[in-house]
Amino acid sequence: MRVVNGPVRKELGMNAGTYALGPGNHANATIGRFLSLAIMNLGGGRIGVNLMGTQGNVSSYSFCFPENEEESPWESLAVDNGYATNESTLTMFPTGWSHCGNYLGGSVDDLARAMAQFTFPSGMVVLVAPPRAMEWSRKGCSKKDLKDYIWSHATLPMKIFRQDPYYKKFIEPVLRGKAYEDYHWPTDYLSLPDDAVVPVYPRGGVRIVIVGANQNPMMQGWKTGNPATVSVDKWR
């Protein structure tokens, strides 16, 4: 998942509104497609040799869009990550192959419950249409409030959490301090009883991006975390 922020969105004619994640916009598609071309033509990626996805993934083809900053009641993803509002940035999210939505009339609790079922819950991105964001904002909900609420409601009993094969492979080593130091779950997860209900995502693992137009108050969730954001101004 590639998210563009700042003035460069307008300069390139990117689409942050209606059908922003779909085909039809030249800039969105070209920027998104470049990464897969670079992997093959510059990085030596070869299907069946070192690109070994069992089924492949549509999000690795051209998953790029700008944030709809103009219709958002909150600060942008770039500002969340420490950049100024007048800086143009690109945020790269690894993975992004698990998806849940479309929640037109569903509650945030429905979304959180669905996201809690993702294996190796390293991080989530919630894509929110402007009408839903405005609805929450009018109720006095900040972006941080929404992130905290989703994080605290994406929960499972420890017994179910520990049964996930990814828990043993990825999360337990993190808790023991052996790997993936960028992820932070509480170490007391190792000793909690089976009936303890806990957030499955690490603290700070929820991101919010405003995208789309005003047709519906929808939202959708993607499993992806540990983004890297860079300013692109020096290349403009």
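Please treat every number below as a calculation from the coordinates, not as lab data. Predicted model only: the values in this text are computed from it and were never measured. Cβ placement follows ideal geometry from the backbone for every residue including glycine, while neighbour counts extend to all protein chains displayed.
Things to note:
- Amide H contacts for Met218 (H built 1.01 Å from N in the peptide plane; partners 5 or more residues away or on another chain; cut-off under 5 Å): Ala129, Arg132.
- Amide H partners (placed H, <5 Å) of Ala196, local residues excluded: Met158, Lys159
- Couplings 3J(HN,Hα) for the stretch 57-63, derived from phi with the Karplus relation 6.51 cos²θ - 1.76 cosθ + 1.60 (θ = phi - 60°), are 8, 4, 6, 8, 8, 7, 10 Hz, where x marks Gly and Pro.
- Between the C-alpha center of the stretch 62-140 and that of the stretch 159-236 there is a gap of 14 Å.
- Within a straight-line Cα-Cα reach of under 21 Å, Lys10 can be paired with the following lysines, leaving aside sequence neighbours fewer than 8 residues apart in one chain: Lys234.
- Cross-link partners of Lys159 among aspartates and glutamates (Cα-Cα below 18 Å; sequence separation of 8 or more within a chain): Glu172, Asp188, Asp194, Asp195
- Placing +1 on the Cβ of every Lys and Arg and -1 on the Cβ of every Asp and Glu, with no other charges, gives the stretch 134-220 a dipole of roughly 200 debye about its Cα centre.
- Largest GNM mean-square fluctuation among Val206, Val49, Val79, using the chain with Cα springs under 10 Å: Val49.
- The chain - share of DSSP beta bridges that are antiparallel (%, nearest 5): 70 percent
- The overall shape of the stretch 168-210, judged from the alpha-carbon gyration tensor, is oblate: a/c is not under 1.5, and a/b is no greater than b/c.
- From phi via Karplus (6.51, -1.76, 1.60), per-residue ³J(HN,Hα) for the stretch 100-117 in Hz, x at Gly/Pro: 9, x, 9, 9, 6, x, x, 8, 4, 4, 4, 4, 4, 5, 5, 5, 5, 7
- Taking other residues whose beta carbon is less than 15 angstrom from the beta carbon of Glu70, and scoring Lys, Arg as +1 and Asp, Glu as -1, yields -3.
- Whole-Hz Karplus values for the stretch 184-198 come out as 9, 9, x, 5, 6, 4, 5, 10, 5, x, 4, 8, 5, 9, 10 Hz, taken residue by residue from phi with 6.51 cos²θ - 1.76 cosθ + 1.60 and θ = phi - 60°; glycine and proline positions read x.
- Each of Gln117, Val128, Pro173 was scored by the projection of its Cα onto the charge dipole of the chain, and the greatest displacement toward the positive side belongs to Pro173; charges sit on the C-beta of Lys, Arg, Asp and Glu.
- The GluC sites (Glu not before Pro) of the stretch 64-124 that meet both conditions, a loop assignment by DSSP and at most 16 other Cβ atoms within 10 Å of the site Cβ, are Glu75.
- Using the Cβ of Gly32 as centre and a radius below 15 Å, the other residues enclosed give a net charge of +2, where K and R count +1 and D and E count -1.
- The ranking of Thr89, Thr187 from fewest to most other beta carbons within 10 Å of each one's beta carbon is Thr187, Thr89.
- Evaluated over the stretch 115-185, the Cα radius of gyration and Dmax, each in Å: 15.2, 44
- Amide H within-cut-off set for Ile208, under 5 Å, with H built and near neighbours excluded: Val126
- Only the Cβ atoms of Lys and Arg (+1) and of Asp and Glu (-1) were treated as charged; on that basis the dipole of the chain about its Cα centre amounts to roughly 520 debye.
- Using the Cβ of Asn5 as centre and a radius below 9 Å, the other residues enclosed give a net charge of -2, where K and R count +1 and D and E count -1.
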